[in-house]
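The values are calculated or read from the model by the stated rules, or taken from the named source; none is laboratory data. Nothing here was measured: the structure is a model prediction, and the numbers come from that model. Neighbour counts run over all protein chains shown; Cβ positions are idealised from the backbone, glycine included. Quick note on the areas: whole protein, heavy atoms, side chains included, nothing else; ligands and nucleic acids left out. Shrake-Rupley method; radii C 1.70, N 1.55, O 1.52, S 1.80 Å.
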Amino acid sequence: MIVVFNENATPVQIQKVTEKLLDKGFDLHRSTGTSQVVFGVVGDTLAVDTRDFEVLEGVHEVIRISEPYKLASRSFKKEDTIVKVGKATFGGKKVGMIAGPCSIESRDQIKKIAKMIKKTGTKVLRGGAYKPRTSPYAFQGMGEEGLKYLREAGDMNDMAVVSEVMDRMDIIPALKYVDMIQVGARNMQNFALLKELGKINIPILLKRGMSATLQELLMAAEYIMAGGNHQIILCERGIRTFENYTRNTLDISAVPVLQKLTHLPVITDPSHGVGIRDKVAPMARASIAAGADGLILEVHYDPEKAFSDGAQTLYVNQYEQLVKELKIIASAVNRTL
Ligand code: PEP
Ligand code: MN
């Protein structure tokens with residue numbers, strides 16, 4: 001961390017800042033030869049709120065040079081983390097694919113979709129059992145019964161399964177059924193939930209909040225990692241912008257930006273990212289071209305009748321065609337699918 005003083009900072013003001021920094025156990029290196037006094041602050045600055053120093057008299061600016069997250073950062077771990085979910089991997093040379101309906105609607109529905117998706121080589125099945133719906137009157141999901149059907153569908157087709165948990169009370173029950181837990185966009189900063197997920201030992205699919213910066217997403221990952229669980233897949237799922245033609249704006253630049261900042265795998269969710277069926281495949285192709293480590297996509301045999309998110313859900317034949325195209329794009333960027 002660097003503290004830059006005003007040009008006219010007085011010795012008394014500088015002394016006060018010095019004492020506050022030394023009190024906190026930091027080492028100070030004072031630069032000389034410029035018109036302004038500058039301190040290089042060395043020590044564990046992770047927990048420091050830079051504003052605590054910025055408000056002190058005589059201080060011009062406080063600049064953080066190390067990131068506020070540690071375990072998630074590329075400087076802490078240079079090599080890419082590979083997260084295994086059943087037979088799929090995320091973060092290695094192989095691109096990981098996750099597909100399935102937005103919601104689990106019945107035993108038959110999820111089994112039928114799993115069987116169809118399996119044929120494309122997809123190894124992870126998605127399906128929501130606890131749905132975060134804007135309206136309390138909209139379908140809220142089948143709960144634990146749905147998770148049971150998801151597990152059965154996964155087992156019958158040799159696929160791993162992922163589902164969202166919204167409440168920390170639902171984590172332990174969900175562990176009986178799922179191979180990975182999803183944290184949805186609306187819960188990215190549910191710190192109580194994140195802390196509990198740090199205590200378990202299965203992968204977490206952590207979605208970016210719709211108004212979250214990439215640093216906030218990485219801080220959310222840090223919460224889980226600080227608890228001891230390092231198996232995290234980050235997911236860009238679209239953010240709120242001024243544009244309202246699409247449901248969200250899929251920030252594909254998040255992929256290379258995050259991959260530079262963190263060793264964790266980064267996937268995208270083009271379904272929620274754009275929210276309109278015919279825009280999903282182009283954004284999926286663009287994501288793989290941009291270097292995404294995987295994709296999560298909503299797929300249904302009859303999207304028109306889906307209980308949730310039908311308008312952004314691919315027909316099975318569209319998904320099959322997309323997978324064929326993605327294989328070509330993946331090989332062009334030195335990946336396999
Ligand atoms: C979902 O995956 O169906 C979902 C609700 O995702 P998000 O949290 O990204 O909106
Ligand atoms: Mn959905």
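Any residue that is surrounded by fewer than 21 Cβ atoms within 10 Å (Cβ to Cβ), charged (D, E, K, R), touching a residue at least 40 places away in the same chain (Cβ under 8 Å) and assigned to a helix (DSSP H, G or I) - is there at least one of those in the range 127-148? Step through it out loud before you land on a result.
Step one: list which residues in the range 127-148 are surrounded by fewer than 21 Cβ atoms within 10 Å (Cβ to Cβ), which gives 132-140, 143-145, 148.
Filter again for charged (D, E, K, R), leaving 133, 144-145, 148.
Now restrict to residues that are touching a residue at least 40 places away in the same chain (Cβ under 8 Å): 133.
Then keep just the ones that are assigned to a helix (DSSP H, G or I); that gives none.
No, that holds for no residue.
Which of the residues spanning the range 1-14 are in a helix (DSSP H, G or I) and open to solvent by 40 Å² or more (accessible area, probe 1.4 Å)?
P11, V12, Q13
For residues in the range 47-79 being open to solvent by 60 Å² or more (accessible area, probe 1.4 Å) and aliphatic (A, V, I, L, M), which is modelled with the highest pLDDT?
Among them, the one singled out is V55.
If you take the residues of the range 278-295 that are more than 19 Å from V333 (Cα to Cα) and buried (at least 18 other Cβ atoms within 10 Å of the Cβ), which of them is farthest from the chain's Cα centre (by Cα)? Steps first, answer last, please.
Of the range 278-295, the ones more than 19 Å from V333 (Cα to Cα) are 278-280.
Subset that is buried (at least 18 other Cβ atoms within 10 Å of the Cβ): 279-280.
Values: K279: 21, V280: 19 Å.
The selected residue is K279.
Just checking, which of V17, V37, V42 is of a type in the set (A, V, I, L, M) and open to solvent by 50 Å² or more (accessible area, probe 1.4 Å)? Explain how you work it out, then say what you get.
On the way: V17 fails: open to solvent by 50 Å² or more (accessible area, probe 1.4 Å); V37 fails: open to solvent by 50 Å² or more (accessible area, probe 1.4 Å).
Going through V17, V37, V42 in turn, the sole match is V42.
State the number of residues belonging to the range 181-206 that are within 16 Å of ligand 2 (Cβ to nearest atom) and touching a residue at least 60 places away in the same chain (Cβ under 8 Å).
2
Take L264 and decide whether it is in contact with a helix residue (DSSP H, G or I) (Cβ under 7 Å, 6 or more places away or on another chain) and either outside any loop (DSSP other than H, G, I, E, B) or of a type in the set (D, E, K, R) (or both).
Values: in contact with a helix residue (DSSP H, G or I) (Cβ under 7 Å, 6 or more places away or on another chain): yes; either outside any loop (DSSP other than H, G, I, E, B) or of a type in the set (D, E, K, R) (or both): no.
No: the conditions fail for L264.
Rundown of residues vs (1) touching a residue at least 12 places away in the same chain (Cβ under 8 Å); (2) farther than 21 Å from I113 by Cβ, yes/no style:
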{"position": "R237", "(1), (2)": "yes, no"}
{"position": "F242", "(1), (2)": "no, yes"}
{"position": "L264", "(1), (2)": "yes, yes"}
{"position": "P270", "(1), (2)": "yes, no"}
{"position": "Y301", "(1), (2)": "yes, no"}
{"position": "T313", "(1), (2)": "yes, no"}
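Which of (1) more than 16 Å from ligand 1 (Cβ to nearest atom); (2) touching a strand residue (DSSP E or B) at 6+ places or on another chain (Cβ under 8 Å) is the odd one out, the single condition A292 does not satisfy?
(1)
Of the conditions (1) under 30 Å from the mean Cα position of the chain (by Cα); (2) in contact (Cβ under 8 Å) with a residue 24 or more places away in the chain, R51 satisfies every one except a single condition; which number is it?
R51 satisfies every listed condition except (2).
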